[in-house]
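What follows is a single structure, and I will ask about it in a moment.
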Amino acid sequence: MGDFDGLVALVTGGGSGIGRSTAELLSSRGARVAVLDLAAEGLPEEMFFVRADVTDDHGVRDAVEAVVTRFGGIDVLVNNAGIGAQGDVAAATDEEWHRVFDVNVIGMARVARACLTHLRNSHFAAIVNTGSIAATAGLPQRAVYSASKGAVHALTRALAADHVREGIRVNAVAPGTADTPWVRRLLDSAQDPEAERAALEARQPHGRLVTADEIAGAIAYLASPLSGSTTGTVLAVDGGMDGL
Ligand code: NAI
């Protein structure tokens, strides 16, 4: 028996990293889990994979309907798919701005839009968006990405305000740098990966990278009945990086 028994969760970006950990945790706590991603290697059999790109509105709608056909509804949406971008404003092209916002911000709005009818039909509806500490910390060389995550935090509050009276709660997590395939790719491309990892660890007051499981735990809390009176919040999971 788990606190997600009888609930259906859709996790975008569930093929890797934070999304994969979240999908596994929700499944272990009783949810029937669908993963929306471009690809998802080695997904456990009990999870339903829907291949879609969050920048493709038709693809997103079809994927959401496939989940509803399979599981009968959607109670929990974890809006987690995202991409990174490095550099300052001087270096960022318009194409890069459009691409990152299309995935990280409009992508979340598209999936939420496609799920709304189903969430309204749920007796316990929750959306959790993956924001980032980059939205508030003022990190160097992350201009486009940080702006996109600031928009995710704002979108979280706007969605929460628009849908609170329909019984849909909307919250976000703001992770610090986490040990996921994404960050490992970044480290692999650095000139001195070990020094780069040490610098990232030192940036967080608790002296290490955040784990994907710790972020999944925060997402599960915000998605669960335990947080039934919490909406419009952004929960930092960053080892004290923001505000200490
Ligand atoms: P990851 O790269 O390991 O996983 C991201 C997943 O999103 C991948 O499976 C990828 O295929 C999917 N995805 C990317 N673009 C997509 C698209 N257009 N349509 C559908 N799926 C798409 O990355 P990670 O680290 O697990 O990141 C997940 C989320 O957490 C992202 O939103 C990221 O911005 C956020 N985040 C990550 C942090 C980190 O240090 N790793 C820190 C703060 C936030």
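Please report the carbon-and-sulfur percent of the accessible area for the stretch 109-189; probe 1.4 Å, protein heavy atoms only, DNA, RNA and ligands left out.
Reported share for carbon and sulfur atoms: 51 percent.
Per residue and in cubic angstrom, what volume does the convex hull of the Cα atoms of the stretch 105-244 have?
115
Using Stokes-Einstein with the Kirkwood hydrodynamic radius over Cα pairs, what translational diffusion coefficient do you get for the stretch 1-103 at 10 °C and a viscosity of 1.306 mPa s, in µm²/s rounded to a whole number?
110
Another one. Leaving out ligands and nucleic acids, note down the accessible area per residue over the chain with a 1.4 angstrom probe, in whole Å².
The answer is 45 Å² per residue.
Based on DSSP loop calls and a cut-off of at most 16 other Cβ atoms within 10 Å, the longest stretch of the chain free of exposed GluC sites (Glu not before Pro) is what?
The segment 47-244 is the longest one with no such site.
Helix-only estimate, please: 222 nm mean residue ellipticity of the chain, summing -39500 (n - 2.57) across DSSP H runs of length 4 or more and dividing by its residues, to the nearest 500.
Helices in the chain give a 222 nm mean residue ellipticity of -13500 deg cm²/dmol.
Roughly how many Å is it from the Cα centre of the stretch 82-111 to that of the stretch 57-78, as a whole number?
Result: 24 Å between the Cα centres.
Translational diffusion coefficient of the chain at 37 °C, 0.692 mPa s, Stokes-Einstein with Kirkwood Rh over Cα pairs, in µm²/s as a whole number.
In µm²/s, the coefficient is 183.
Further question: With Cβ to Cβ distances under 11 Å as the rule, what net charge do the other residues near Arg110 carry (K, R +1; D, E -1)?
Neighbour charge sum, excluding Arg110 itself: -2.
Taking R0 as 35 Å, what FRET efficiency do you get between Ala202 and His123 from their Cβ-Cβ distance, rounded to the nearest 0.05?
Using R0 = 35 Å, I get an efficiency of 0.15.
Continuing with this model, one more query. About its Cα centre, what dipole magnitude does the chain give when the only charges are +1 on Lys and Arg Cβ and -1 on Asp and Glu Cβ, stated in debye to the nearest 20?
Dipole size: approximately 620 debye.
The values are calculated or read from the model by the stated rules, or taken from the named source; none is laboratory data. Values in this document were obtained by computation on a predicted structure and should not be read as measured data. When we count neighbours, we look across all protein chains shown, and the Cβ atoms used for this are built from the backbone with ideal geometry, even at glycine. All accessible areas refer to the heavy atoms of the entire protein, side chains included, with ligands and DNA or RNA removed. Shrake-Rupley method; radii C 1.70, N 1.55, O 1.52, S 1.80 Å.
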